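Data block below; observations after.
The values are calculated or read from the model by the stated rules, or taken from the named source; none is laboratory data. Quantities reported herein were computed from a predicted structural model and do not represent experimental measurements. Positions of Cβ are backbone-derived with ideal geometry, glycine not excepted, and every protein chain shown enters the neighbour counts. Only protein heavy atoms, including side chains, enter the accessible area calculation; ligands, DNA and RNA are left aside. Shrake-Rupley method; radii C 1.70, N 1.55, O 1.52, S 1.80 Å.
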Amino acid sequence: MARFHPLPVAAVEWLTDDSAVLTFAVPPALREEYRHAPGQHLALRRTVDGTEVRRTYSICSPAPAPDDEGPSTLRVGVRLVEGGAFSTYALKEITVGDELEVMTPAGRFTLEPAPGLYAGVVGGSGITPVLSIVTTLLAREPRAAFCLIRSDRTTASTMFLEEVADLKDRYPDRFQLVTVLSREEQQAGLPSGRLDRERLSGLLPTLLPVDRVAGWFLCGPFGLVQSAEQALRGLGVPRTRIHEEIFHVDNGAAVTSSRPAPAHSTVTARLDGRGGTWPVHDGESLLDAVLRNRPDAPYACKGGVCGTCRAFLVSGEVRMDRNFALEPEETDAGYVLACQSHPVTEKVELDFDR
Ligand code: FES
């Protein structure tokens, strides 16, 4: 079960004008709980004017090996979002020594080190989880290689510029970096411009043997991730080799269903070994119905993006507004995002423990 603990901020290091790394110190007693896989994220929470606000930020530091003790520090990349209450607070108000409520690591956009060739297509702050994936992979698995294609606006706005350059120096034979800037010409390398589906379809086969890549990691804004997925599918890459994590989804991307909701419906939920049955109010998500009665129900984004609210649909039927977090295999297996689910049948049963 995901849990929150107060963790002290040990450092705030600026990366660019609008992004920084927050480092949390993890006390020895909590290190096992904060053991994470490369690519996972942390949800942070605070209460603003009586309302709880949560945001997820990806861990950029390498993951501990299974035989090592859990991490003594956790580093997350935070980019300032225009008008974003949490990122403004995180970057402008937090100072070393402050304590933040930090959830234990979550997320399935992960790669356990294994031999093989891997690749990533990332945009902007989408580099954050992929940095953890690449550094962990190359350090722990000498028979692994990674090709990173990153898209940023300008050099000055590029997060983790030095860390990624270090990887090139440290692993010249196993790490390939391709940078595309949308608003700046580079002296060497690819011409500027956006990475859209057409450009990626032409570019990827020139960079690496696409059919030999064991896993593709796509992370960034919705448009880039979607373009990269379409390009890969067009190049014959099976869906099972493509892993996605989306940051920033416009509301326009929401999918709404015309299926009518029943007049009265209830949700039965099992959470941390205990169950209960509660009414679902008109228009309310199943997560909100559960949260009214079980404030410990897991969630972070409430936007269908992070996957923290994943639950198994034991019985009944739901419709999801949108899903940018679950893989097709997970929805086929019966998992839903509680924050996006609305009842279609009068009774719905969820299991958050599975
Ligand atoms: S809380 Fe993030 S997907 Fe539901």
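Can you give the three extents of the C-alpha atoms in region 278-354 along their principal axes, from longest to shortest, in whole Å?
Result, largest extent first: 29, 25, 23 Å.
Counting only Cα, what are the radius of gyration and maximum Cα-Cα distance Dmax of the chain, in Å?
Answer for the chain, Rg first and Dmax second: 20.7, 64 Å.
Sort 272-283, 60-71 by packing, meaning the average of other beta carbons within 10 Å per residue, with the highest value first.
So the order, starting with the most tightly packed, is 60-71, 272-283.
Working out 0.36 nm times the residue gap between Asp296 and Tyr89, then minus their Cα-Cα distance, what length gain in nm do you get to one decimal?
Stretched fully, the Asp296-Tyr89 segment lengthens by 72.1 nm.
Put a dot 7 Å past each Cα toward the Cβ at Arg233 and Thr277; how far apart are the dots in nm?
4.0 nm
If a/c stays under 1.5 just call it rounded; otherwise compare a/b with b/c (prolate if a/b is bigger, oblate if not). Do that for region 17-156, with a ≥ b ≥ c from the square roots of the Cα gyration tensor eigenvalues.
oblate
Which shape class, rounded, prolate or oblate, goes with region 136-242 when its Cα gyration tensor gives a ≥ b ≥ c as root eigenvalues, a/c under 1.5 marks rounded, and past that a/b bigger than b/c marks prolate?
oblate
Could you do me a favour and compute the accessible area per residue for region 141-256, 1.4 Å probe, result in Å²?
53 Å²
Pairs of alpha-carbon atoms within less than 8 angstrom and 6+ residues apart define the contacts here; what relative contact order does the chain have, in percent?
So the answer I get is 14 percent.
Between Asp18 and Leu203, what's the calculated FRET efficiency when r is the beta-carbon distance and R0 is 35 Å? Round to 0.05.
0.80
Accessible area of region 2-99 with a 1.4 Å probe: how many percent of it is carbon plus sulfur?
It is 48 percent, rounded to a whole number.
5 Å is the cut-off here: which amide hydrogens, built 1.01 Å from N in the peptide plane, fall below it relative to Lys347, excluding neighbours closer than 5 in sequence?
The list, which skips near neighbours in sequence, is Thr266.
Do any GluC sites (Glu not before Pro) in region 128-228 lie in a loop, going by DSSP, with at most 14 other beta-carbon atoms within 10 Å of their beta carbon, and if so which?
Answer by residue number: Glu184, Glu185.
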